[in-house]
1. Which of Cys421, Cys333 has the fewest other C-beta atoms within 10 Å, and how do the rest follow up to the most?
2. Of all the C-alpha pairs in region 559-702, what % are more than 20 Å from each other?
3. Using square roots of five times the C-alpha gyration tensor eigenvalues, list the equivalent-ellipsoid semi-axes of the chain in whole Å, biggest first.
4. No solvent, one uniform scatterer per C-alpha: report log10 I(q)/I(0) for region 331-448 via the Debye equation at q = 0.09, 0.12, 0.19, 0.23 1/Å, two decimals.
5. Counting only complete DSSP H runs, which helices of the chain cover 20 Å or more along their long axis at the Cα atoms and score a mean Kyte-Doolittle of 1.0 or above?
6. Would you mind pulling out the separation of the Cα centroids of region 122-193 and region 378-397, in Å?
7. Give, as a single signed number, the net charge of other residues whose beta carbon lies under 14 Å from the beta carbon of Ala419, with Lys and Arg counted +1 and Asp and Glu -1.
8. What shape does region 19-81 take by its C-alpha gyration tensor, where a ≥ b ≥ c are the square roots of the eigenvalues and a/c under 1.5 counts as rounded, a/b above b/c as prolate, and the rest as oblate?
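Readers should treat all values here as calculations from the given coordinates under stated rules, not as data from a laboratory. The structure displayed is predicted, hence computed values, not measured ones. With ideal geometry, Cβ positions are generated from the backbone for all residues, glycine too; neighbour counts draw on all protein chains shown.
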Amino acid sequence: MKNCLPNWEAPFPIDLSRVRPKDEDYWDTYRDAPKAFVSAATGQRLWKSRFGVLTAVRIGAIAGRDIETTTKLFEDSLRKNITPESVGLTFQPVKQQGLAASAGATDFSGLFIAFSQFLIISAALLVGLLFRLSVEQRGREVGMRMVSGYTGKKIRRLFSREGLVLAGVGGILGLIGGVFYAYLIMAGLRTYWVGAVGTSDLALYIHASSLLLGYAISLIVILLTIWLTLRRLGNISVRALLSGITEVVRAKPRTKWYALGSLILAALSLGGAAAVDPSTGTGLFFVSGALWMVSGLCFLSLWFRRGHRVIREGIVGMGVQNSKRQPTRSLLCASLIGCACFVIVAVGANRRIDLTQNIAQDKASGTGGFALIAEVDVPIYRDFNSKDGQFELGFSQADAELLNQARFIPLRVLPGEDASCLNLYKPESPRVLGVPEALRQRGGFTFQQTSTEVENPWTLLSEDLGTDVIPAIGDYNSAMWILHKQLGDDIVLQNEMGETVKLRLVGLLKTSIFQSELLISEDNFLRHFPDQSGYGAFLVETQQPVQLTALVESRLKDIGIDAVSTAQKLAHFQEVENTYLSTFQTLGGLGLLLGTIGLGIVLLRNVIERRGELAVLRAFGFRRAVLSRMLLAENGFLMFVGLAIGSISALIAVAPHVMSYGALIPWGSLALTLVIIYGAGLIASATAVFFALRAPLLPALKEEV
């Protein structure tokens with residue numbers, strides 16, 4: 001018989017011996033009519049699923065109404081009570097969403113301007129230094145004008161007009177240089193750093209209002225610097241000016257108060273940082289670091305203005321003591337170097353370095369101790385960890401040996417927008433992962449913040465926060481910089497029933513592999529997103545990641561599986577952070593360039609002013625090499641002090657990051673950077689000394705005689 005079930009070539013395993021003759025007779029007579037009826041409650045208990053408990057509704061005619069009338073009443077009532085959203089039909093304002101997303105996730109102009117403050121301060125210090133040197137050179141002219149009846153106000157006005165003309169020309173050159181600098185940054189993001197931004201479709205936009213505002217601010221800063229420089233002339237007597245003396249070497253009481261005041265404020269900031277939440281504390285630490293630098297420079301100013309002691313340390317000691325000869329110049333040079341090093345060290349300490357294998361296997365690291373994370377295009381319904389699941393997925397017994405040495409933790413996936421720094425647009429509906437109980441019990445990763453102090457923060461995902469509130473965990477950096485959310489804030493989404501739900505952040509991970517998504521419990525995921533069947537991602541613990549990756553990608557290529565190293569994925573996120581930090585460090589590099597220029601100018605000016613002294617020393621038998629060492633010691637000391645003050649202050653500013661658990665500070669590269677900075681400064685100073693001492697000293701010696 002062709003129609004007998006035993007003759008059926010079933011596409012799946014089935015025991016046909018259990019089919020009885022009376023079953024065949026029933027099929028021939030009634031086909032697929034039910035054999036038995038159970039109560040609705042029994043059916044719901046036996047065959048319910050997360051999609052619901054009913055598959056069909058039987059409608060009988062209302063008493064006294066025919067079936068047509070009943071059907072019409074039912075249809076009208078159904079339309080009133082079922083919304084389009086409840087059956088998956090939603091209307092999205094795509095244009096409005098696109099415009100909102102195009103605003104960008106984070107405006108880094110604020111951070112760029114904040115770090116630029118140190119460059120602006122360095123530029124102002126250099127302007128003050130150069131203008132001061134100009135005024136010192138014209139000290140006798142100032143004295144003659146005052147003797148001739150010029151008031152201090154008129155003299156300051158005269159010099160201010162001269163400075164304004166130069167500032168106007170310099171400001172125009174600065175605008176050109178600024179636009180060129182911005183062009184270079186954009187070119188770097190399109191080429192060398194393209195892996196960090198993920199696209200080369202970047203363009204430079206210049207607004208006239210920004211240029212005018214920058215030009216106006218530059219003029220104001222320069223004029224203010226010139227005014228502060230000229231104000232010091234009022235403290236110098238006319239007799240001293242006529243003699244060419246423009247420096248009053250004495251310790252000012254206000255400097256002592258500035259030093260002590262900034263030191264006390266720095267200590268209070270450190271104490272306050274320990275008593276507030278980490279996000280606020282980070283800002284206080286940065287303020288404290290800046291105050292430490294101010295205090296250090298004030299104490300250095302006091303040391304410069306102390307009386308000279310007897311020199312017993314030889315040529316190098318003489319060079320160090322000579323730095324007190326012009327205390328204001330020396331302080332400005334040290335300040336220039338200190339500001340530049342503050343930015344370079346503070347930014348460099350936050351750079352991320354690649355995880356070693358031992359650290360990547362640590363459960364408290366950003367990988368959570370997982371070696372691989374795999375994602376699939378087609379959801380998987382089988383269990384990688386079970387023998388049956390491995391067989392149904394197409395793995396052989398030989399493959400099972402490698403699979404059994406690993407552990408797979410499946411994650412449910414709700415598609416959404418990338419919430420990491422790889423997304424240049426502002427995400428409105430971030431991707432969501434459903435975390436199973438196995439991961440919550442296992443634990444792992446390090447939490448930056450949690451809403452409640454518990455031994456295992458993953459258990460916070462099981463909290464009951466209300467019918468429309470779902471506890472969620474996200475990455476700290478993504479929440480703060482991309483989603484602009486803090487601990488306890490809500491991210492509003494729509495579930496598959498058209499209801500508005502709030503994902504409340506109850507925990508924030510520290511530098512994790514989950515920077516692209518938010519995490520909720522699997523139970524809440526199934527309750528609000530039941531149509532997302534199967535598992536779309538897997539966390540894998542294994543000691544053989546390379547072999548396992550090759551195995552699963554070859555066996556499951558039809559479902560589009562992609563397994564990547566968690567350390568590699570984390571490094572990709574860190575590459576983005578390092579790119580932004582590199583752009584910030586260029587500001588420190590520009591400040592360092594200004595500091596080096598300032599040191600060179602001061603050295604040349606000092607040599608010119610001390611030509612007579614150097615000529616006398618040469619006449620007494622001091623070789624040119626000895627004099628060079630003395631001048632280099634003076635500049636080297638100023639550079640060393642500036643480096644020390646700026647670096648120590650920067651480390652205080654980034655103390656929360658340095659002292660945090662699992663922080664990987666690139667100490668080697670930081671130390672090498674400082675050594676290179678110091679070496680470059682010495683080379684620049686040596687070059688200036690070489691050319692300065694080549695000038696004939698005999699005319700200067702005759703003047704001394």
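1. Cys421, Cys333
2. On the way: 6396 of 10296 pairs.
Counting pairs separated by more than 20 Å, the tail of P(r) holds 62 percent.
3. Working: eigenvalues 1125, 164, 90 Å².
Equivalent-ellipsoid dimensions as semi-axes: 75, 29, 21 Å.
4. Scattering profile of region 331-448, log10 relative to I(0): -0.46, -0.70, -1.24, -1.36.
5. Working: long enough: 67-81 (21 Å, -0.95); 109-137 (40 Å, 1.59); 152-190 (54 Å, 0.87); 208-231 (34 Å, 1.89); 253-275 (33 Å, 0.81); 278-304 (39 Å, 1.30); 327-348 (31 Å, 1.80); 566-609 (62 Å, 0.58); 624-653 (43 Å, 1.45); 667-693 (39 Å, 1.89).
In the chain, the long hydrophobic H runs are 109-137, 208-231, 278-304, 327-348, 624-653, 667-693.
6. Using only Cα atoms to place each centre, the spacing works out to 73 Å.
7. Numbers: positive: Lys426, Arg431, Lys485; negative: Glu417, Asp418, Glu428, Asp475, Asp489, Glu517.
Neighbourhood net charge equals -3.
8. Cα axes put region 19-81 in the oblate bin.
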